[in-house]
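Shown next, in structure tokens, is the structure this report addresses.
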Amino acid sequence: MGAMTHTLVSAWTKARRTLEAAGVELPVFDARLLLEAATGVARLDILTDPHRPIAEDAAARLDALVARRAAREPVAYILGKKAFYAIDFAVGPAVLTPRPDTEMVVEAALAALPVDAPARVLDLGVGSGAILLSILSARPLASGIGVDASPEALVFAESNAAALGLTPRVVMHHGDWGAGVEGPFDLIVSNPPYIPTGDIPGLAPEVSVHEPRLALDGGADGLAAYRRLWPDVARLLKPGGRFCVEIGIGQGPDVSALARAAGLEVEAIKPDLAGIARVVLGRRPPAVAAG
Ligand SMILES: C[S@@+](CC[C@H](N)C(=O)[O-])C[C@H]1O[C@@H](n2cnc3c(N)ncnc32)[C@H](O)[C@@H]1O
């Protein structure tokens, strides 16, 4: 007999040890995800039939996936997908992996949009499409525009829209924030890059090495994108229209001040699940009746 025969459990254990040694944060969990991807075996089978042998080609596939993860490539890039708001989004190195915290932006946006009314939604920095497409999935009469400066990101946004059957209700636009976009919109959402440039090298390699710089880098103080965004939000919202914008840790006061300076009303700053102020909510002031 040649190479040692692996079973589901022995392959899982070997993968887990390699990932542990590489400093991966969730080695048991990631090893199982990669085992599922390499073998096509379902989670339940791994648990109920752990001693099932796996074929040599599947074992080789697993080794290759584990090597990528040990080099700290995000597991979502290796699998090519990431669950966000109960939807599987296709992702790859050209787009930020959508984060659970960002689901708060979707929650806040849905609270601002009645289910049974048409609405126009703009997502500035659409990336994979996670925010905009989650909103459109939950609001069948809404339509939207997603803007991104990265053409590679827009390929993901468009294919995610197609996979969800949303292509007829969405336009993905290559551009620089709101430049060239025509309003008015009922709602504008954004999760812009907000990490101060100097903080990026200190982040986990999954982020600092593998995620696109354009999706992370908020300039020297982390606020560069907000300075550009808010005047566009003020111009493109209809009077009384609402915005929900994600912020980084501690940015609430500065980002709110920039919004007010652009003529917008900040109504609330909502915390994420960890209790960190995460989403700035507000509106363009309603038009005052003449006379
Ligand atoms: C933090 S990511 C958010 C992606 C996605 N909306 C999400 O929440 O997962 C920020 C996005 O803004 C885009 N971006 C950066 N600068 C931009 C600009 N000047 N105009 C438009 N989009 C920009 C990046 O390419 C990236 O996709």
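Here, each number is a calculation from the coordinates, and none is a lab measurement. No experiment lies behind these values; they were computed from the predicted model shown. No Cβ is skipped: glycine too gets one built from the backbone with ideal geometry, and neighbour counts run over all protein chains shown.
Between Lys270 and Leu44, what is the label-point separation in nm under the 7 Å Cα-to-beta-carbon projection?
3.4 nm
Using a cut-off of 17 Å between alpha-carbon atoms, which lysines can reach Lys238, once sequence neighbours fewer than 8 places away in the same chain are excluded?
Lys238 reaches no qualifying lysines.
Starting from the 7 Å offset along Cα-to-Cβ, what nm value, one decimal, do you get for the label separation of Ala179 and Val288?
3.4 nm
Lys/Arg Cβ at +1, Asp/Glu Cβ at -1, dipole of the stretch 92-283 taken about the Cα centre: which of Val181, Met104, Gly127 is farthest positive-ward?
Result: Val181, furthest along the dipole toward the positive end.
Taking 0.36 nm per residue of separation and subtracting the Cα-Cα distance, what length does fully extending Thr167 through Ala83 add? Write out the running numbers ahead of the final one.
Details: separation 84, 0.36 × 84 = 30.24 nm, distance 1.97 nm.
Separation in residues times 0.36 nm, less the Cα-Cα distance, equals 28.3 nm.
Say R0 is 25 Å: what FRET efficiency, to the nearest 0.05, do Glu107 and Ala149 get from their beta-carbon distance?
Details: r = 26 Å, r/R0 = 1.05.
According to the calculation, E is roughly 0.45.
Please get the size of the charge dipole for the chain, origin at its Cα centre, with Cβ charges of +1 on Lys and Arg and -1 on Asp and Glu, quoted in debye to the nearest 20. Mind showing how you got there, number by number?
On the way: 27 positive and 33 negative charges, 54 e Å.
Once rounded to the nearest 20, the dipole reads 260 debye.
To the nearest 10 degrees, how steeply does helix 56-70 sit against the main Cα axis of the chain, on a 0 to 90 scale?
In the chain, helix 56-70 runs at an angle near 50 degrees to the longest axis.
Using per-residue counts of other Cβ atoms within 10 Å, averaged over each peptide, order 129-135, 114-120 from highest down.
129-135, 114-120
Give me the distance in nm between label points sitting 7 Å out from Cα along the Cα-to-Cβ direction at Glu20 and Arg68, one decimal.
2.5 nm
Provide the net charge surrounding Arg139, with neighbours chosen by a C-beta distance below 12 Å and charges set as Lys +1, Arg +1, Asp -1, Glu -1.
Working: positive: Arg120, Arg169; negative: Asp116, Asp186.
Result for the local shell: 0.
³J(HN,Hα) across the stretch 173-178 via Karplus (A = 6.51, B = -1.76, C = 1.60, θ = phi - 60°), whole Hz, x for Gly/Pro?
10, 7, x, 9, 6, x
I need to check one value: relative contact order of the chain, counting alpha carbon pairs closer than 8 Å and at least 6 residues apart, in percent. Don't jump to the answer; show the numbers that get you there.
Details: 544 pairs, mean separation 39.3, N = 291.
This gives 14 percent for the chain.
What ranking do 98-106, 19-27, 216-224 get when scored by the average of other Cβ atoms within 10 Å per residue, highest first?
On the way: 98-106: 19.4, 19-27: 15.0, 216-224: 17.9.
Packing order, densest peptide first, comes out as 98-106, 216-224, 19-27.
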